[in-house]
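Enquirer: I'd like to ask you about the structure that follows.
The values are calculated or read from the model by the stated rules, or taken from the named source; none is laboratory data. Treat the numbers as computed from the prediction; the structure is a model and nothing was measured. For neighbour counting, all protein chains shown are included, and Cβ atoms are generated from backbone atoms with ideal geometry for every residue, glycine included. The protein model used for the area step is the full one, side chains on, heavy atoms only, and it has no ligands, DNA or RNA in it. Shrake-Rupley method; radii C 1.70, N 1.55, O 1.52, S 1.80 Å.
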Amino acid sequence: MTMYPWQQAAWTQLQQMRERLPHAILFHGPAGTGKADFLETFAQSLLCENVRPDGHACGECASCGWFVQHNHPDYRRVRPEALEDEPAPDGEEGGEGKARSTKAPSKDIKIEQIRALADFMNISTHRQGLRVVVLYPAEALNMPASNALLKTLEEPPPGTVFLLASNSLDRLLPTILSRCRKFALPMPAHGEALAWLKEQGVADADSWLREQGGAPLAALAEAEGGSREEMEALLHFLARPSTDGALRTAEKLAKAELPALVAWTQRWLYDVFSYKLSGNIRYFPRYQKELAALAGRVHTASLMRAIKGTSERRAVADHPLSAKLFVEDMLLEYTSCCT
Ligand SMILES: [Zn+2]
């Protein structure tokens with residue numbers, strides 16, 4: 001699970017609530033700062049059977065295994081259909097099947113989704129532990145859904161914890177607010193957010209961050225969205241590397257932001273490596289087939305070589321002698337490692 005550097009203080013503070021856990025906690029703060037990831041990290045730790053002293057999940061017990069695979073029997077995540085339609089930050093591919101219909105996915109959390117929780121809460125837990133429901137963004141609850149949730153919060157089922165997140169408390173029913181313990185997740189300090197964005201390979205990070213009012217995840221999404229075409233061209237090549245392809249793609253990408261190209265390649269290699277080790281994909285789940293094929297074919301030693309080469313390139317990506325040669329070189333090296 002992902003936790004961001006600016007959330008450390010909040011995490012420490014949250015641990016004090018573990019002793020007497022409220023049945024509903026409402027995490028609030030600006031959009032684009034990673035609240036959903038924070039909630040899911042906390043949810044995993046509440047379900048973990050061997051929590052570490054710092055409050056983090058062990059990542060090794062049966063419960064953690066299910067959680068990471070998105071099939072923990074005592075866990076539910078409620079989000080609008082529209083959010084399920086795109087890859088979650090943790091790389092999960094959600095909303096298969098029903099979200100593929102031609103109708104635009106709903107941006108509301110609907111009453112059916114809240115009703116579905118009733119069945120979940122009526123059966124006893126599988127692990128004799130807690131039952132955890134994560135719901136965000138709470139302002140997406142439409143009126144019938146709000147009222148249905150309110151009923152549940154008024155008569156909380158034993159052993160169940162609701163973790164809600166909201167970008168704007170003033171859009172929630174006061175009756176919902178009054179039944180949750182509020183917990184603030186403030187905007188990170190500019191310097192901290194900036195350092196993180198730079199680590200993600202975002203060029204001109206400062207202006208992206210400022211344009212998004214200091215919200216680092218929003219800035220990252222925007223920065224990447226701005227060059228989506230370039231990312232697609234690169235991924236397309238990485239999925240099917242060849243010498244010809246490397247030269248053609250380098251031609252296409254000569255004007256791209258080099259640190260971003262390096263960062264995408266690093267994430268891609270991370271996915272190949274992670275798939276090889278554990279079958280998990282974090283960044284590019286829509287390329288599962290290609291990642292699986294690569295993971296099956298590339299030797300670990302070659303993969304390590306590619307990963308090392310790419311991180312060395314990161315250091316010079318800001319000032320290459322020739323952008324086109326830089327890209328060519330990187331893609332040719334990748335090709336030699338991965339074919
Ligand atoms: Zn665990």
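Enquirer: Kindly check whether there is at least one residue in segment 125-145 that is farther than 16 Å from residue 172 by Cβ and either outside the structural domain of residue 71 (by TED's automatic domain parsing) or among the hydroxyl-bearing types (Ser, Thr, Tyr) (or both).
Expert: Yes; the residues of segment 125-145 include at least one that is farther than 16 Å from residue 172 by Cβ and either outside the structural domain of residue 71 (by TED's automatic domain parsing) or among the hydroxyl-bearing types (Ser, Thr, Tyr) (or both).
Enquirer: Report, by residue number, each residue of segment 72-115 that is open to solvent by 50 Å² or more (accessible area, probe 1.4 Å), modelled with pLDDT of 90 or more and assigned to a loop (DSSP other than H, G, I, E, B).
Expert: Hits for segment 72-115 are 108, 110.
Enquirer: Pull out all pairs, ordered by first then second residue, where Cβ-Cβ is under 9 Å, the residues are six or more apart or on different chains, the first lies in segment 297-316 and is hydrophobic (A, V, I, L, M, F, W, C) and buried (at least 17 other Cβ atoms within 10 Å of the Cβ), and the second is at pLDDT 90 or above and not in a helix (DSSP H, G or I).
Expert: Partner pairs satisfying both residue conditions: 306/298.
Enquirer: Go through segment 321-332 and count every residue that is open to solvent by less than 40 Å² (accessible area, probe 1.4 Å) and closer than 20 Å to residue 267 by Cβ.
Expert: Number of matching residues: 4.
Enquirer: Which pairs turn up if I take residues in segment 60-83 that are assigned by TED's automatic domain parsing to the domain that holds residue 37 and under 23 Å from residue 279 (Cα atoms) and look for partners that are open to solvent by 60 Å² or more (accessible area, probe 1.4 Å) and away from the ligand (no atom under 15 Å from the Cβ) with beta carbon separation below 6 Å, at least 6 apart in sequence or on another chain?
Expert: No pair meets every condition.
Enquirer: Okay, moving on. Just give me the residues in segment 8-33 being under 14 Å from the mean Cα position of the chain (by Cα) and at pLDDT 95 or above, in sequence order.
Expert: Across segment 8-33, the qualifying residue is only 33.
Enquirer: Filter segment 1-31 down to residues that are open to solvent by 30 Å² or more (accessible area, probe 1.4 Å), in a loop (DSSP other than H, G, I, E, B) and touching a strand residue (DSSP E or B) at 6+ places or on another chain (Cβ under 8 Å), then give me how many there are.
Expert: 2
Enquirer: Among the residues of segment 152-167, which ones are under 30 Å from residue 49 (Cα atoms) and open to solvent by 20 Å² or more (accessible area, probe 1.4 Å)? Explain how you work it out, then say what you get.
Expert: So in segment 152-167, the residues under 30 Å from residue 49 (Cα atoms) come out as 152-166.
Passing the criteria: 152, 154, 155, 156, 157, 158, 159.
Enquirer: Looking at segment 225-243, which of the residues that are free of Cβ contacts under 8 Å to residues at least 24 places away in the same chain and over 21 Å from the mean Cα position of the chain (by Cα) is surrounded by the fewest Cβ atoms within 10 Å (Cβ to Cβ)?
Expert: At the first step, the residues of segment 225-243 found to be free of Cβ contacts under 8 Å to residues at least 24 places away in the same chain are 225-226, 228-229, 232-233, 236.
Okay, now just the ones that are also over 21 Å from the mean Cα position of the chain (by Cα), so 229, 233, 236.
Numbers: 229: 11, 233: 17, 236: 14.
Selected residue: 229.
Enquirer: Right, another one. Quick check on this structure: which one of 270, 287 is open to solvent by less than 30 Å² (accessible area, probe 1.4 Å) and in a helix (DSSP H, G or I)?
Expert: Sole residue among the options that is open to solvent by less than 30 Å² (accessible area, probe 1.4 Å) and in a helix (DSSP H, G or I): 287.
Enquirer: Among the residues of segment 266-286, is there at least one that is in contact (Cβ under 8 Å) with a residue 12 or more places away in the chain, farther than 26 Å from residue 36 by Cα and among the polar types (S, T, N, Q)?
Expert: No; the residues of segment 266-286 include none that is in contact (Cβ under 8 Å) with a residue 12 or more places away in the chain, farther than 26 Å from residue 36 by Cα and among the polar types (S, T, N, Q).
Enquirer: Could you tell me which residue of segment 32-56 is farthest from the ligand (Cβ to nearest atom), considering only residues that are open to solvent by 20 Å² or more (accessible area, probe 1.4 Å) and in contact with a Cys (Cβ under 7 Å, 6 or more places away or on another chain)?
Expert: Per the criteria, the residue is 52.
Enquirer: Applying the selection to segment 168-189, what residues are in a helix (DSSP H, G or I) and open to solvent by less than 50 Å² (accessible area, probe 1.4 Å)?
Expert: 169, 176, 177
Enquirer: Looking at residue 255 and the list (1) closer than 16 Å to residue 325 by Cα; (2) surrounded by 21 or more Cβ atoms within 10 Å (Cβ to Cβ), which single condition is not satisfied?
Expert: (2)
Enquirer: If I filter segment 196-224 down to residues being in contact (Cβ under 8 Å) with a residue 60 or more places away in the chain and in a helix (DSSP H, G or I), which single residue comes out as surrounded by the fewest Cβ atoms within 10 Å (Cβ to Cβ)?
Expert: 221
Enquirer: Here's a follow-up. If the requirement is being over 17 Å from residue 225 (Cα atoms), assigned by TED's automatic domain parsing to the domain that holds residue 325 and in contact (Cβ under 8 Å) with a residue 24 or more places away in the chain, which of these qualifies: 256, 263, 246?
Expert: So the residue among 256, 263, 246 that is over 17 Å from residue 225 (Cα atoms), assigned by TED's automatic domain parsing to the domain that holds residue 325 and in contact (Cβ under 8 Å) with a residue 24 or more places away in the chain is 246.
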